[in-house]
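Working notes, structure below.
The values are calculated or read from the model by the stated rules, or taken from the named source; none is laboratory data. Just so we're clear, the structure is a prediction, and the values are computed from it rather than from any experiment. Glycine also receives a Cβ, built like all others from the backbone with ideal geometry; neighbour counts cover every protein chain displayed.
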Amino acid sequence: MANRKTAISLQDTLLEQVDAMAREMNIPRSRLFALAVEDFIRRYQNQQLLERLNAAYEDTPDPSEQSLRRRMRRPHRTIVEGEW
């Protein structure tokens, strides 16, 4: 995998914290940035997935589906009774 250099602007205090953490972790500053961005992207993607799942399941059953569920409860209980 090829690496590319880039320039970013940071507040002095943030850069000082980054430098201190990189020294503490004994890794180059660029590696710390890469780890942070990878983590941010992973969290963002997970959040997007969660939002898509929530959207897919947010709709409530319509009245005909609710009626069907009610009618199926007793037969379902009979089938699974004693299974657990």
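Annotations
- Selection status of Met72, in contact with a helix residue (DSSP H, G or I) (Cβ under 8 Å, 6 or more places away or on another chain) and either in a helix (DSSP H, G or I) or hydrophobic (A, V, I, L, M, F, W, C) (or both): no
Yes or no, residue by residue, for (1) more than 28 Å from the chain's Cα centre (by Cα); (2) modelled with pLDDT of 90 or more:
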{"site": "Thr13", "(1), (2)": "yes, yes"}
{"site": "Ala20", "(1), (2)": "yes, yes"}
{"site": "Arg29", "(1), (2)": "no, yes"}
{"site": "Leu32", "(1), (2)": "no, yes"}
{"site": "Ile41", "(1), (2)": "no, yes"}
{"site": "Asn46", "(1), (2)": "no, yes"}
{"site": "Glu51", "(1), (2)": "no, yes"}
{"site": "Arg69", "(1), (2)": "yes, no"}
{"site": "Glu81", "(1), (2)": "yes, no"}
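- Restricting attention to the stretch 57-84, the residues that are of a type in the set (Gly, Ala, Ser) and exposed (fewer than 10 other Cβ atoms within 10 Å of the Cβ) add up to 2.
- Condition met for Asn54 (surrounded by fewer than 10 Cβ atoms within 10 Å (Cβ to Cβ) and either free of Cβ contacts under 8 Å to residues at least 60 places away in the same chain or not in a helix (DSSP H, G or I) (or both)): yes
Conditions (1) assigned to a helix (DSSP H, G or I); (2) in contact with a Phe, Trp or Tyr (Cβ under 6 Å, 6 or more places away or on another chain); (3) surrounded by 10 or more Cβ atoms within 10 Å (Cβ to Cβ), marked per residue:
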{"position": "Lys5", "(1), (2), (3)": "no, no, no"}
{"position": "Ser9", "(1), (2), (3)": "no, no, no"}
{"position": "Glu16", "(1), (2), (3)": "yes, no, yes"}
{"position": "Asp19", "(1), (2), (3)": "yes, no, yes"}
{"position": "Glu24", "(1), (2), (3)": "yes, no, no"}
{"position": "Ile27", "(1), (2), (3)": "no, no, yes"}
{"position": "Ser30", "(1), (2), (3)": "yes, no, yes"}
{"position": "Leu35", "(1), (2), (3)": "yes, no, yes"}
{"position": "Glu38", "(1), (2), (3)": "yes, no, yes"}
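- Listed by first and then second residue, the pairs with beta-carbon distance under 7 Å, at least 6 apart or on different chains, first residue in the stretch 1-21 and within 12 Å of Leu32 (Cβ to Cβ), second surrounded by 10 or more Cβ atoms within 10 Å (Cβ to Cβ), are Val18/Arg29; Val18/Leu32; Asp19/Arg29; Met21/Leu32.
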